[in-house]
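Some notes on the structure that comes next.
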Amino acid sequence: MIFKMRFYWKFVFATISVFIICLFLLSLVGCKGPLKEDLVCGKAVQVAPLKENRMRKDGRHSPEGFDCVINGEYQVSCLRDGSEVYFPFSFLKNYFEVYGKIVSEDGEERFEWFHSYSKIYHPKGKYDPKGVFMYFDNYNVEVRERVKCITASEGVPVSTQWEPRGYFYPIQIAQFGLAHYSKYIAEAEPNRLVLEDGDRTKALWFVADGASFTRKFLTDINNFVIEFNTQESLNSKGIELKLSESLTDFILNLNLKFESNGSVEVIVEDKEKKSNFHLFYVCSDLWITSKGNKIFHGLGDCNSWRRLTRDLLVDLQKGQSLSEKGKRILRSRARVTAVIFRGVGYADNITLSSSEHLAHFYDAADWFVKHQDDEGGWPIDVKRHLGAGVEDLDAGWYSAMGQGQAMSLLMRAYYSSRNEYYLSAALDAVKPFQALSEDHGVKAVFMDKYIWFEEYPTQPSSFVLNGFIYSLIGLYDVAHAPDSMGSEARDLYIQGIRSLKAMLLLYDTGSGTLYDLRHITAGGAPNVARWDYHSTHVNQLLLLSTIESDPVFATTAKRWQSYMNGKRAPHN
Ligand SMILES: *[C@@H]1O[C@H](CO)[C@@H](O)[C@H](O)[C@H]1NC(C)=O
Ligand SMILES: *[C@@H]1O[C@H](CO)[C@@H](O)[C@H](O)[C@H]1NC(C)=O
């Protein structure tokens, strides 16, 4: 009996000891990470931060925590399963600059890994100087954060990219115009509802006491218009057109002329909050200001007939972002409820549409005609710092890319309107290509041999690849001008293509591309193109491969595209 008792106590003692040792060992194994239920012991212990830490289907246990040392520089918590080692993706992502996420399809989850976040657009056919510009029908320039607003005076974007005050950046304006032109061609006809045109379509207007409203035939424009005469004060009632609830379009288009200081107000309701925003277009030169729920844009000169085309949601978004950063009213929550005129003046063709791409396109083209200088250029009025070892560009520089994209825009404006002034502006834009960078032109020469056109005409030269190719596309467009008017552009294009063929592979790193050649001209590390620019290079080469017979464009595009899928050139 005593013997049996002792044995019993020994047994209890041994069991407790084993249990304590077991807990101790578990505490040693434990590593950093969130508490998780460990299915082996049924106890809460610390395990490595792995989401799916369960026993595997084959009955084996989960991989265990393990320290991994990378090049003797970093330490990461990995997992080990026999001889296999698993790294956390959050580490791989930053270390190799790759991208990935868990996606689910038909209820099945999987992990998708990408080397690049950019997209390649394969041209649908031979590049056409009258057609869609590259894949710019996908661009939405005005919603970019670096666009302060679209001016109501000229209908073009104001950039804040290198100068928070804002300035007119020819490249941005040209891209705005080319994007709208390309959308005009690529998209279906918009919804367009004429609200009032003075004769065929008449709206119901609410006229303030003491104000007058008539419809009238004007002989100078040979058309019926509405005429109003009200107080100027923005607090007065004016003449008001109340809009039906069923309208869901946000592009306002109208013809307008004031005899006094006047204004147009558009009221946009936030349906959810039951609150109103007031967009005022006033006779002044201001770009944009806001005060509470009131947003003001300046119309510039008010006293001659002009067209006003506004994307009301963009105006609202830009106004809101002045006060509340990042705030944006959703299209589904917004509704245009009224258009109000104040002052003395006339209006015609008041329309709401789902888009007015051609109007925005001509606004951009007209800006280029109006602001071209005597040397055929569009000077950029901000200082530009490119990088170490490269002198800053003083305000007033020309960009070959700005010139080139303007040429692509102006040629399209010429073809679609047949107005000669677009054509002559495009032809004049060639002049800065003849002058060297140091002489206020855009031309550089590589190794005393190859002529290049500089996006940034720096000292020393920078040889930015994408800007050069955009300038070649502009020259190509002008080279196709009627008769032989484009012969100067054609010569420059031919010289440029010769340089491009000779120099293209200087930009190939074997796993990506270089943005420019500043490492050769200014020394230092090469300036590797981020995927945005790398994919632009590929898209540009694909375009060139449709107009140039040399296979270097297509084969290089193919290899460069493969880099986006993680491929690398073979090593020796
Ligand atoms: C017209 O009125 C607006 C405000 O209603 C004002 O900001 C602007 O300076 C005025 N313009 C002129 C030319 O008087
Ligand atoms: C209104 O549109 C008609 C038709 O397009 C045009 O003839 C007329 O000139 C326009 N009105 C104004 C004031 O521009």
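Checking Lys124 against (1) under 30 Å from Leu423 (Cβ atoms); (2) in contact with a Gly (Cβ under 7 Å, 6 or more places away or on another chain): exactly one of these is not met. Which one?
Failing condition for Lys124: (2).
Just checking, which of Ala347, Ala359 is within 16 Å of ligand 2 (Cβ to nearest atom) and under 18 Å from Val282 (Cα atoms)?
Only one candidate qualifies: Ala347.
Based on this model, can you work out whether Asp381 counts as free of Cβ contacts under 8 Å to residues at least 12 places away in the same chain and away from ligand 2 (no atom under 16 Å from the Cβ)? Break it down stepwise before answering.
Numbers: free of Cβ contacts under 8 Å to residues at least 12 places away in the same chain: no; away from ligand 2 (no atom under 16 Å from the Cβ): yes.
The answer is no for Asp381.
Would you mind finding the one in Ser260, Ser290, Ser284 that is in contact with a Gly (Cβ under 7 Å, 6 or more places away or on another chain), away from ligand 2 (no atom under 16 Å from the Cβ) and open to solvent by less than 30 Å² (accessible area, probe 1.4 Å)?
On the way: Ser290 fails: open to solvent by less than 30 Å² (accessible area, probe 1.4 Å); Ser284 fails: open to solvent by less than 30 Å² (accessible area, probe 1.4 Å).
Result of the check over Ser260, Ser290, Ser284: Ser260.
Looking at Ile340, Ile329, which one is of a type in the set (Val, Ile, Thr), open to solvent by less than 10 Å² (accessible area, probe 1.4 Å) and more than 16 Å from ligand 2 (Cβ to nearest atom)?
Unique residue meeting the criteria: Ile340.
Any chance the range 194-201 includes a residue that's over 18 Å from Asp348 (Cβ atoms) and loosely packed, with under 14 Cβ neighbours inside 10 Å?
No.
Does Ile380 satisfy being open to solvent by less than 10 Å² (accessible area, probe 1.4 Å) and farther than 28 Å from Lys291 by Cβ?
Yes; evaluated as a whole, the condition is true for this residue.
Those residues that are of a type in the set (D, E, K, R), open to solvent by 10 Å² or more (accessible area, probe 1.4 Å) and closer than 14 Å to Arg490 by Cα, I need them from the range 448-479; list them, please.
Once the filter is applied, which keeps residues that are of a type in the set (D, E, K, R), open to solvent by 10 Å² or more (accessible area, probe 1.4 Å) and closer than 14 Å to Arg490 by Cα, the range 448-479 yields nothing.
Within the range 394-424, how many residues are open to solvent by 20 Å² or more (accessible area, probe 1.4 Å) and either touching a residue at least 12 places away in the same chain (Cβ under 8 Å) or assigned to a helix (DSSP H, G or I) (or both)?
7
Residues to consider are Asn276, Asn303, Asn349; find the one that is touching a Cys at 6+ places or on another chain (Cβ under 9 Å), farther than 14 Å from Ala152 by Cα and either open to solvent by 40 Å² or more (accessible area, probe 1.4 Å) or of a type in the set (A, V, I, L, M) (or both).
The conditions single out Asn303.
Among the numbered criteria (1) within 16 Å of ligand 1 (Cβ to nearest atom); (2) on the phi < 0 side of the Ramachandran plot, which single criterion is violated by Lys273?
Only one criterion in (1) within 16 Å of ligand 1 (Cβ to nearest atom); (2) on the phi < 0 side of the Ramachandran plot is unmet by Lys273, namely (1).
Could you list, in sequence order, the residues of the range 216-239 that are more than 16 Å from ligand 1 (Cβ to nearest atom), β-branched (Val, Ile, Thr) and over 40 Å from the mean Cα position of the chain (by Cα)?
Passing the criteria: only Thr219.
Regarding Ile226, is this residue assigned to a loop (DSSP other than H, G, I, E, B), within 11 Å of ligand 2 (Cβ to nearest atom) and out of contact with any Leu (no Cβ under 7 Å at 6 or more places or on another chain)?
No.
Please note which strands (runs of 3 or more DSSP E) are completely contained in the range 263-371 and include at least 3 residues that are without any contact (Cβ under 8 Å) to a residue 60 or more places away in the chain, touching a helix residue (DSSP H, G or I) at 6+ places or on another chain (Cβ under 9 Å) and not acidic (Asp, Glu).
Counting at least 3 such residues, we get 289-291, 294-298.
Listed residues Ile267, Ile295; which is modelled with pLDDT of 95 or more, open to solvent by less than 10 Å² (accessible area, probe 1.4 Å) and away from ligand 1 (no atom under 12 Å from the Cβ)?
Ile295
Anything in the range 488-542 that is of a type in the set (S, T, N, Q) and within 28 Å of Tyr139 (Cα to Cα)? List them, or say none.
The answer is Ser511, Thr513, Asn527, Ser535, Thr536, Asn539, Gln540.
Among the candidates Glu438, Glu391, which residue alone is in a helix (DSSP H, G or I), farther than 19 Å from Ser487 by Cβ and more than 26 Å from the chain's Cα centre (by Cα)? Please lay out each step first, then the result.
On the way: Glu391 fails: in a helix (DSSP H, G or I).
When all the criteria are applied, what remains is Glu438.
Looking only at the range 240-260, how many residues end up being within 16 Å of ligand 1 (Cβ to nearest atom), of a type outside the set (Asp, Glu) and modelled with pLDDT of 95 or more?
As a first pass, look at the range 240-260 and keep what is within 16 Å of ligand 1 (Cβ to nearest atom): 256-260.
Pick out the ones that are also of a type outside the set (Asp, Glu) and you get 256-258, 260.
Filter once more, so that each one left must be modelled with pLDDT of 95 or more: 256-258.
The total comes to 3.
Could you check the range 97-185 for strands (runs of 3 or more DSSP E) lying wholly inside it with 2 or more residues that are surrounded by fewer than 13 Cβ atoms within 10 Å (Cβ to Cβ)? Reasoning before the result, please.
Working: elements: 99-105, 108-114, 147-150, 157-159.
Passing ranges, in order: 99-105, 108-114.
Which one of the conditions (1) open to solvent by less than 10 Å² (accessible area, probe 1.4 Å); (2) assigned to a strand (DSSP E or B) does Val445 fail to meet, given that it meets all the rest?
Looking at each condition in turn, Val445 falls short on (1).
The values are calculated or read from the model by the stated rules, or taken from the named source; none is laboratory data. Quick caveat: nothing in here was measured; it's all calculated off a predicted structure. Here Cβ is always computed from backbone atoms with ideal geometry, including for glycine, and neighbour counts include all displayed protein chains. Please note that ligands, DNA and RNA were not included when accessible areas were found on the heavy atoms of the full protein model with its side chains. Shrake-Rupley method; radii C 1.70, N 1.55, O 1.52, S 1.80 Å.
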